[in-house]
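Please read the structure below before turning to the comments.
Throughout, read-outs are computed from the coordinates displayed, never taken from laboratory work. These figures come from a predicted structure and were not determined experimentally. Methodologically, a virtual Cβ is constructed for each residue, glycine included, from the backbone with ideal geometry; neighbour enumeration extends over all protein chains shown.
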Amino acid sequence: MRGTREGLFGIVFRISIRHMKSIVLLLVSLFLTDKEAKKTEINDGSWKETVFLWRDETESKYSVENLQIDESDYRLLVQNIDGFIGLRVDENFIPAFIDGAIKDVTGYSKEDFLSCRIKWLEIVIDEDLPLIFENIKKALSEPDVSTEFEYRIRSRDGTIKWVMQVIQKTPAGSGKTGEIQGFVRDITSHKLAEVSLEKIEDARIKEINHRVKNNLQVISSLLSLEAERFTDPEVLEAFRESQNRIYSMSLIHQELYIKKMDTIDFANYLRNLVAGLFNSYRVAKDRVSLRLDLEQVYMETNTAVALGIVVNELVSNALKHAFPAGNRGEIRIRFSRVDHYEKDQENSEELETVHGNLNEKDMLYMLTIEDNGEGLPEWVDIQNMDSLGLQLVNIFVEQIEGSIELKRDRGTKFNIYFNNLRI
C-alpha cells in the first residue's frame, strides 16, 4: 500500500480470513507529518502521529474508485479518545468542525464554540496567544508539514490546563481552502508529572549540596583538630591554607543549597570568599583595605570552583606577603566582561604572559587580583615554583582554558582571561 498524505486518508481493501468469506474494510487515518518532512509517504515511516478508525464495509457501496470520507468517520474517531478534541478552524480559529472531549477539557459544549458563544482564543491564557498566532501563520504558509505546540487554557471553572495542539492546513482539493485541521490533547497530567519530577530533582540536588558542604566542613574540622598537635609555624600555615581551600569549595555548595540554583552568582560568591580570607588571616581593614568591582555573572559550578581556588591562592598570597611589618595598602579585585573593562594605561612590555596563549580580543571575561604592596621579585617564576598555591593557580587556569598576565610594577597584578562559564 502506498500513497501520500491528503488530510484524512481513506482506503478500502479486501481481506480473506481462513475458512471464512472475504470481507471489505474501510481504514480511515489522520497522518500528521514530522515538522522536518516536506512530503509524507505512508510506507516511509516519516509521519509523526497517526490515528486510525477501522470499519467493516463488506455490505457498503464504497469501492476504491468512489471512496468518499465524510466527517462522521472523523467524529467517531475523536469521540473515542480520552482528552482528545478534533477540529477544523479558519485562520481566525473559528471552528467549522469540533468534536471529542470538549466538555471534559474545557467545560464548554461544542455548541458553545460552533455558535461562537465562546471563542477558543478567549479561553487561551493571554501570555500564550502570540504562540497561537505564530503557529497558525506557520501552518498556513507550510501546508505540507504539521505544527505542534503547547499552551495553557482556562476552563469554564477557572482551572488552568495545559494542552498540546497539532495543526495542518487542509489539503488542496478538499474544498476547505484556507482552513486548518488538527487536534487538541489535554496534557495537564503530564505537565503536573513533570513539575513533580522537577521538584524531586531539585530536592535531590539540594540534598547533595547540603551533604557535600557538611562533609567539607567535617574535613576542615578534622584538619583544625590535627593542627592542634603542632607548634611549627610552617606546619600550622599549611593547615590553614588547606582549610581555606576547603572553605572556597564549601561556599559554592552553600550558595547552591540556599539559592536552589545550578549556577553561581560569582560576584556574591567572591565577596563572601574574600571576607572569609580576611577573617582567617586576621587582617584589619583599616590596615589593608579591600576594593571590589564585580559584575554580576552566573556561572556553572566547576568553573566557579576553579576560579574560587585561584582567587583564594592569590588573595592569600597578598595578605601574607604584600604588606610586611604592618604596612598599609589595598587589595583590589575586578571581574567583568572584557569589553566592559577600562583599558589599562600601561605598556604591553610590562605585562608577562605567564600561562596560555593570550589573545584578549578572543576572550570574553577578565578577572583581576592586584595589590599595591611590595610586589613579586623579578627572580620569582610562578610557573616553576615549589609553592603548592601557585601550582594550583596554573593548574586551574589551564582547566578553564584561560590565560594569565602578570605585572610586577608598584605591587603585583594578575589578569586572568577566559571564555567559558561552563567547563
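A crude spin-label estimate for the pair Q296 and R117, with each label 7 Å from Cα along the Cβ direction, gives 5.0 nm. D128 sits among other residues whose Cβ lies under 10 Å from its own Cβ, and their net charge, with Lys and Arg +1 and Asp and Glu -1, is -2. In terms of packing, defined here as the mean over residues of other Cβ atoms within 10 angstrom, the peptides 222-231, 135-144 line up highest first as 135-144, 222-231. Among 232-238, 305-311, the peptide with the highest mean count of other Cβ atoms within 10 Å heads the list, and the full ranking is 305-311, 232-238. Peptides 275-281, 263-269 ordered by packing proxy, namely the average of other Cβ atoms within 10 Å per residue, highest first: 263-269, 275-281.
Determine, from the Cβ-Cβ distance of D144 and Y108 and an R0 of 30 Å, the FRET efficiency 1/(1 + (r/R0)^6), rounded to the nearest 0.05. Working from the Cβ atoms, E equals 0.40.
Using r as the Cβ-Cβ distance of I160 and W379, and R0 as 56 Å, what FRET efficiency do you calculate, to the nearest 0.05?
On the way: r = 70 Å, r/R0 = 1.25.
After rounding, the FRET efficiency stands at 0.20.
For the pairs K103/K169; K161/K199; K119/K169; K119/K161, note any where the Cα-Cα span goes beyond 23 Å. All intermediate terms of the calculation are to be shown ahead of the outcome.
Numbers: K103/K169 25 Å; K161/K199 19 Å; K119/K169 20 Å; K119/K161 16 Å.
Over 23 Å Cα-Cα: K103/K169.
The H on the amide N of L364, modeled in the peptide plane, is under 5 Å from the matching H of F418, N419, each at least 5 residues off or on a different chain. Kirkwood radius for the range 189-261, taken over all pairs of different Cα atoms as the inverse mean of 1/r, rounds to 14.2 Å.
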